[in-house]
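Inspection log for the structure reproduced underneath, given as structure tokens.
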Amino acid sequence: MIALLQRVSRSSVSIDGEEIASIGAGYNILLGILKGDDEEQIDKLVQKIVHLRIFADDAGKMNRSILDIGGEALVVSQFTLAGNVTKGRRPSFDDAMPPKEAKNLYERFCEKLSAYIPVQTGRFGAMMEVEIVNDGPVTFILDGREL
């Protein structure tokens, strides 16, 4: 499971020109789910995400967590994070979990994260327009297999 974590001042998701979710300060999380991912990875990612200190303190240093700032998250499914571009010119998505299973893990991730912070979501499998106002910019790639 790969989470592309971006510190944002705001973020939103629209489908067919209609905004379906938006947040203020916090995280935009693009979540890619791979074959073999499981509940254990969800737990590790959620703990890392809510306790990671990447928000500025009064001295301007990255020393506060999303819990400390009362932030929120916008979680968007992003199967292309499972893409492999090492060979040829077209990405291979052989490592991506099949949609039905991936949707269950995506929903479980959002549910577990929402136990700590307010969570908004995109629509799994939909073509979405995601607006991300990256604060910093600050972006991290979290790989649940490595935590």
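Just so it is clear, none of the values below were taken in a lab; they were calculated from the coordinates. Quick caveat, the model's predicted, so the values are computed rather than measured. Counting neighbours? That spans all protein chains shown, and the Cβs are built from the backbone with ideal geometry, glycine included.
When each of Tyr106, Tyr116 is scored by the number of other beta-carbon atoms lying within 10 Å, the sequence from fewest to most is Tyr116, Tyr106. Around the Cα centre of the range 2-143, unit charges on the Cβ atoms of Lys, Arg, Asp and Glu (plus for the first two, minus for the last two) sum to a dipole of about 380 debye. The C-alpha atoms of the chain define a longest principal axis, and helix 99-113 lies at about 10 degrees to it.
Of Val119, Phe140, Gly83, which is farthest on the positive side of the dipole of the chain, counting Cα position, with +1 on Lys and Arg Cβ, -1 on Asp and Glu Cβ, and the Cα centre as origin? Positive-most Cα among the choices belongs to Gly83.
Sorting Arg90, Arg145, Arg108 by the number of Cβ atoms found within 10 Å of their own Cβ, with the fewest placed first, yields Arg90, Arg145, Arg108. Rounded to the nearest 10 degrees, the inclination of helix 39-51 to the longest alpha-carbon principal axis of the chain is 30 degrees. How many lysine pairs are close in the chain, with Cα atoms under 29 Å apart and the two 8 or more places apart or on different chains? Final tally of qualifying lysine pairs is 19.
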